[in-house]
Amino acid sequence: MRLASCCTPGEACKTDADIRECVGAVGKNLGLAPSTISHHIKELHRAGLIKMKRRGQTVECWVDPETLDSLAEFFKQPVNV
């Protein structure tokens, strides 16, 4: 499962409980160094696009549905040139 695949275009996202993923599993099979995955996850978190929570020795992350809704509304706005 990938965080980006939580939502089908045009449909509401699942609840955050359905789309949580261990940080270590997010980059699985991408062919990227763990440090690269970690950097990008950190930046997505800093930008407010994903949420993170430590559970024991693992860290779960998930897409923030409210932020996605806000971004969707933003991109629906007409462009004033």
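The values are calculated or read from the model by the stated rules, or taken from the named source; none is laboratory data. Because the structure is a prediction, the values reported are computed rather than measured. Quick reminder, even Gly has a Cβ in these numbers, built from the backbone with ideal geometry, and neighbours come from all protein chains shown.
Read through the list (1) surrounded by 13 or more Cβ atoms within 10 Å (Cβ to Cβ); (2) charged (D, E, K, R); (3) touching a strand residue (DSSP E or B) at 6+ places or on another chain (Cβ under 7 Å), then give the number of the only condition that residue 42 fails.
Just one mismatch for residue 42, condition (3).
Kindly indicate the residue of the range 47-81 that is β-branched (Val, Ile, Thr) and within 24 Å of residue 27 (Cα to Cα) and also surrounded by the most Cβ atoms within 10 Å (Cβ to Cβ) among those meeting that condition.
Top of the filtered list is 63.
Per-residue answers, yes or no, for (1) of a type in the set (A, V, I, L, M); (2) at pLDDT 85 or above:
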{"site": "17", "(1), (2)": "yes, no"}
{"site": "23", "(1), (2)": "yes, no"}
{"site": "29", "(1), (2)": "no, no"}
{"site": "47", "(1), (2)": "yes, yes"}
{"site": "62", "(1), (2)": "no, no"}
{"site": "72", "(1), (2)": "yes, yes"}
{"site": "80", "(1), (2)": "no, no"}
